[in-house]
1. Could you tell me which numbered condition ILE165 fails, if it satisfies all but one of (1) surrounded by fewer than 22 Cβ atoms within 10 Å (Cβ to Cβ); (2) under 26 Å from GLY252 (Cα atoms)?
2. For GLY372, work out the one condition from (1) surrounded by fewer than 16 Cβ atoms within 10 Å (Cβ to Cβ); (2) modelled with pLDDT under 90; (3) small (Gly, Ala, Ser) it doesn't fulfil.
3. Of all strands (runs of 3 or more DSSP E) completely enclosed by segment 325-438, which ones contain at least 1 residues that are touching a residue at least 40 places away in the same chain (Cβ under 8 Å), among the aromatic types (Phe, Trp, Tyr) and within 21 Å of ALA250 (Cβ to Cβ)?
4. What tally of residues in segment 284-305 results from selecting those that are crowded, with 23+ Cβ neighbours inside 10 Å and modelled with pLDDT of 95 or more?
5. Which condition number does MET402 fail, the rest of (1) closer than 13 Å to PHE358 by Cα; (2) in contact with a Pro (Cβ under 9 Å, 6 or more places away or on another chain) being met?
6. Look through GLY123, GLY160 and report the one residue that is at pLDDT below 95 and surrounded by fewer than 17 Cβ atoms within 10 Å (Cβ to Cβ).
7. What pairs come up if the first residue lies in segment 1-22 and is more than 17 Å from ALA66 (Cα to Cα), the second is of a type in the set (Val, Ile, Thr) and assigned to a loop (DSSP other than H, G, I, E, B), and their beta carbons are under 7 Å apart, counting only those six or more places apart or on different chains?
8. Of the residues that make up segment 278-288, is at least one β-branched (Val, Ile, Thr), closer than 25 Å to ARG121 by Cα and in a loop (DSSP other than H, G, I, E, B)?
Amino acid sequence: MSDIKVGLIGYGNIGAGVVKLLQQNADVIRSKVGASIVLKRIADLDITSDRGVTVDPACLTTDVNAIFDDPEISVVIELMGGYEPAKTFVLKAIEKGKHIVTANKALLALHGDEIFAAAARKGVEVQFEASVGGGIPVLTSIKGNLAANRIGSVFGIMNGTCNYILTRMTQEGADFADMLAAAQKLGYAEPNPTFDIEGVDTAHKLAILVSLCFGTRIDFNSIYTEGISRISALDVKFASEFGYRIKLLAIGKLNNGQVEARVHPTMIPLHNPLAEVNGVFNAIRLHGDFVGPVMFYGRGAGQNPTASAIVGDLIGLSRSMMAGAGRRMAPLGFMDDQVATLPLKPMAEIVSKYMLRFSALDQPGVLSAISGALGRHGISIESMVQTSHQADDTAPVPIVIMTHEAREGAVQAALAEIDRFDVISQQTGFIRIEDNLE
């Protein structure tokens, strides 16, 4: 085989990065594969806009069938994003016997089972390193060098927009709304940032990670997902006083055959390496029974890092084809018949420590009422901070309580009771705490 011919669907920013990398490092790639990777066709609705790279106009098309129907194209790169028509195109390429490389986390989180089953029937591979962590080679490592381990937990800071906003809030004592506006101005946040700031993007990635780490199918809609829009400058300040930093954390755990999968703002101890992941950077930390804790760190998005992961997948597929190998590895790293559907632990049953921030009138008996309600629900207090007495006793003051470990359902019930007290001026804020990220 003299070269590997590839088709690309979706010629946006990431697609242009793939073209640039294949052109700029063509000699490096050939020296590692033993063949050239040739981008034969690029399909997009817009084939006239300048992408900053030069390609032969003859390879550009608005007809995606030109890729599906070309028998010389053995690999299709899908970079459209979203659910449809990406799903239809991927399944059609698989039906035509073509391998798939994609960065589409949303597609795989919701429709991965269907896509992987179709690939198994046709004996082709689906590679998706770029779907989690951009250029960070975490998925390949889980399926490869870490494959001998039983992985018990995985934690991830996997959204650069959220991490940038929380970093600025921590460093400057700023409010969420101001830092979101700053992120949008710098291009780190979309004009409509909902998927990012409400945790949906991170949950897509967690669904993929949990499947690979634990060998389980997971219903994306069952993943508890909470974003950072309710985090205040006060929350950040008090977290720091207690020795923590707030991050939007993806959490996956496997205990006694039951899976935890949740995304929410989390207080991480300052001494943990994840607390030092700042700006737009991402990090994934997992724990294997033999390897112990392992942490991956790098740029989780952007044209060049994502292109690096995509072309890395291309190189892996090309090596297999050059060696005459067929479907070398199942998508999740587990044999297809070994992928289970493990039960998901209900959010009400998870156990955590909590920071509770009450806004209460500065009146006698308030602390007694709050602590009494917590006690009735089996929640014990570890420590507390109360601001100084106000001259105006009609003005609410913050009371911050750190709890010992408690069950989520009990905490929610206690807060619902407390928030009905006349002395509580607004809904109580709470943040979960992860002290042991192993």
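1. The number of the failed condition is (1).
2. Here GLY372 meets the rest and fails (2).
3. It comes to 351-361, 429-433.
4. The qualifying residues number 2.
5. (2)
6. Result of the check over GLY123, GLY160: GLY123.
7. From segment 1-22, the pairs are ALA16/VAL53; VAL19/VAL53; VAL19/VAL55; LYS20/VAL53.
8. No: segment 278-288 contains no residue that is β-branched (Val, Ile, Thr), closer than 25 Å to ARG121 by Cα and in a loop (DSSP other than H, G, I, E, B).
The values are calculated or read from the model by the stated rules, or taken from the named source; none is laboratory data. Model, not experiment: these values are computed from the prediction. Cβ: placed from backbone, ideal geometry, glycine included. Neighbour counts: every protein chain shown.
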